[in-house]
Amino acid sequence: MRSVVVPLAVMLAIHVVISMAALTLPVIAPAAAAEAGLAPGLVGFYTSLLYAGSMVTSLLSGALIARFGAVRLAQAGLALAAAGLLAATGGEAWLFAVSAVLVGLGHGPVTPVGAHVLMGRTPSGVISLVFSIKQTGVPLGLAAAGALVPPLAVAFGWRVGVVAVAVACAGLALALQGVRAGLDSDRSPGSRLSAASVIEPVRLALRIDRLRELTFVSCAYGVAQFCFASFFVVYVTGRLGVELVAAGLYFSAAQAAGIAGRMAWGAVADRTGAPRAVLGLIGILAGIASLLTAALAPGWPGAAMLAVSVLFGFTVIGWNGVLLAEVARQAPEGRAGAATGGVLVIFAAAIMAGPSSFSLVVTGSGSYGLGYGLVALLVLALAVPLLRPLPRSSGAGLTS
C-alpha cells in the first residue's frame, strides 16, 4: 500500500484543481452571464463545449501517455485549463465558448492519467478504494469551487474568482515537475501517434462486453452528475429564491457528501467483491435523488434542500471510483489508461448532449423539474439491469 501513497496524492491534487477549473464558470453563471447579456440557463452549453474539448484529449490520452508520460500530459492539461479560465475574463459570449473548449482540453487527460499511474502501483484488494479516493478529488474541487468562487465573485467581482483558480492550475503544473521523472519513467519517447492508436481506445471500450456495459452506465450517471453540477445553483437561485452564497453552500455540501460516498462505495465494492451490483444500487438511489430535486419548490426549508443536495451528492457524485476501478480491472494488461480514455470519449459525447438537452427542456418548458425527472428515468433505466446477475457465459471476453 505504501507504494501507492505518493502517486495517489499527486493524482488527487490534479483532480481537485482541474475540477475547480471545470466548475468555476457554472457556479458563478448568474453573475458572468448577466454581464454578457446571456440567460443563465444556457450554462449547459458551456458544459457541452467543455466536454467537446475533453473528448478530443481523452481520445488522444493513451498515445500521449505512452510518448510523453502521464505527468507531463497532466501538466499540459493544467496549463490549458489556466489559459481557458483567463480567456473567460474577457466577458464576451465567444470568449466563454473559447474558455469552455480550452478547459475541456485540459480536463480530458486527467482520468486516463490517474488510471495509468495507479493501476500498476495498487494492490488488487484495495483497487476500488484507491480509485475512489483518487476520484474524491472531483467533489473536493467542486466543493472548493462552490465554497470559494461565489464569495469572491460577490466581494470582488466574478473575474477575481476565475483568475484565482487559473493561478492554482498554473501553480500545480509547475509543482508537478518535481515528481515527473519518477512517475513518467515508463514512457516511450519513440512511440508515434497514428490513426490506429487514436481510434483504438474507443474500439477497446466497445469491443469488450463488460467495458461496453460500463461505458453506457457512465454516460447515464455522468449526465445526472453534470446536470446537477451545471444547473443546481442557477435552479435554486433563479426559481426558488435562494441567495447565491447559500446555494453555493448547498452545492458544496453535495460535493462533501460525494467525497464520503466515493470512499464508502469503494470500500463496499472491495469488501463485497460485487462492484457491478454496487453501481446498480448507487444508480437507483441517484434516480430517487433526481426525483426529489425535481420536486423542490419555493418555501421548502433550507434543511430539506440541504438533505436533497446531500443525497444527490452521496449517489450521483459517488459512483466514479467504483466504475473506473472496474474499467481498469476489465482492461487488457497495460491498457488501463487507454481503456479509460475510450470510455471517457463516449462519456464526453454524452455530456455534450446531456446538459445541452437539459437546457433545451428548461427553455422550452420553463421547468427544471421536468429536466430532473427525465434525468431520473435515464439513470434508473441503466441502474436496474446492474442488479441482475450476469449469465455464467458472459464475461470480460470479446463479443462475437
Select the helices (runs of 4 or more DSSP H) contained entirely in region 220-316, then report the ones holding at least 3 residues which are under 18 Å from V361 (Cβ atoms).
275-295
Within the set of pairs 6 or more residues apart or between chains, which connect a residue that is in contact (Cβ under 8 Å) with a residue 40 or more places away in the chain inside region 115-134 to a residue that is aromatic (F, W, Y) and in a helix (DSSP H, G or I) with Cβ atoms less than 9 Å apart?
A115/F131; L118/F131; M119/F131; T122/F131; S128/W265; S132/W265
With respect to the numbered conditions (1) more than 19 Å from the chain's Cα centre (by Cα); (2) in a helix (DSSP H, G or I); (3) under 28 Å from R192 (Cβ atoms), which one is the sole condition not fulfilled by L86?
(3)
Among the residues in region 316-336, are any touching a Cys at 6+ places or on another chain (Cβ under 8 Å) and surrounded by fewer than 24 Cβ atoms within 10 Å (Cβ to Cβ)?
no
Residue list for region 76-98, filter: surrounded by fewer than 21 Cβ atoms within 10 Å (Cβ to Cβ) and closer than 11 Å to V110 by Cα:
A76
The one condition in (1) among the aliphatic types (A, V, I, L, M); (2) farther than 30 Å from A274 by Cβ; (3) surrounded by fewer than 21 Cβ atoms within 10 Å (Cβ to Cβ); (4) modelled with pLDDT under 95 that V126 fails to fulfil:
(2)
Look at V268 and say whether it is over 22 Å from F358 (Cβ atoms), surrounded by 19 or more Cβ atoms within 10 Å (Cβ to Cβ), without any contact (Cβ under 8 Å) to a residue 24 or more places away in the chain and in contact with a helix residue (DSSP H, G or I) (Cβ under 7 Å, 6 or more places away or on another chain).
yes
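To keep it simple, each residue is scored yes or no on (1) closer than 21 Å to P112 by Cβ; (2) polar (S, T, N, Q); (3) surrounded by fewer than 24 Cβ atoms within 10 Å (Cβ to Cβ); (4) in contact (Cβ under 8 Å) with a residue 40 or more places away in the chain.
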site: V16; (1), (2), (3), (4): yes, no, yes, yes
site: L23; (1), (2), (3), (4): yes, no, no, yes
site: A33; (1), (2), (3), (4): no, no, yes, no
site: L50; (1), (2), (3), (4): yes, no, no, yes
site: T57; (1), (2), (3), (4): yes, yes, no, yes
site: S61; (1), (2), (3), (4): yes, yes, no, yes
site: A70; (1), (2), (3), (4): yes, no, no, yes
Those residues of region 185-204 which are of a type in the set (S, T, Y) and either modelled with pLDDT of 75 or more or in a loop (DSSP other than H, G, I, E, B) (or both), in sequence order
S185, S188, S191, S194
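The values are calculated or read from the model by the stated rules, or taken from the named source; none is laboratory data. This structure is a prediction, so every number in the text was calculated from the model and none was measured. All Cβ positions, glycine included, derive from the backbone under ideal geometry; neighbour counts span all protein chains shown.
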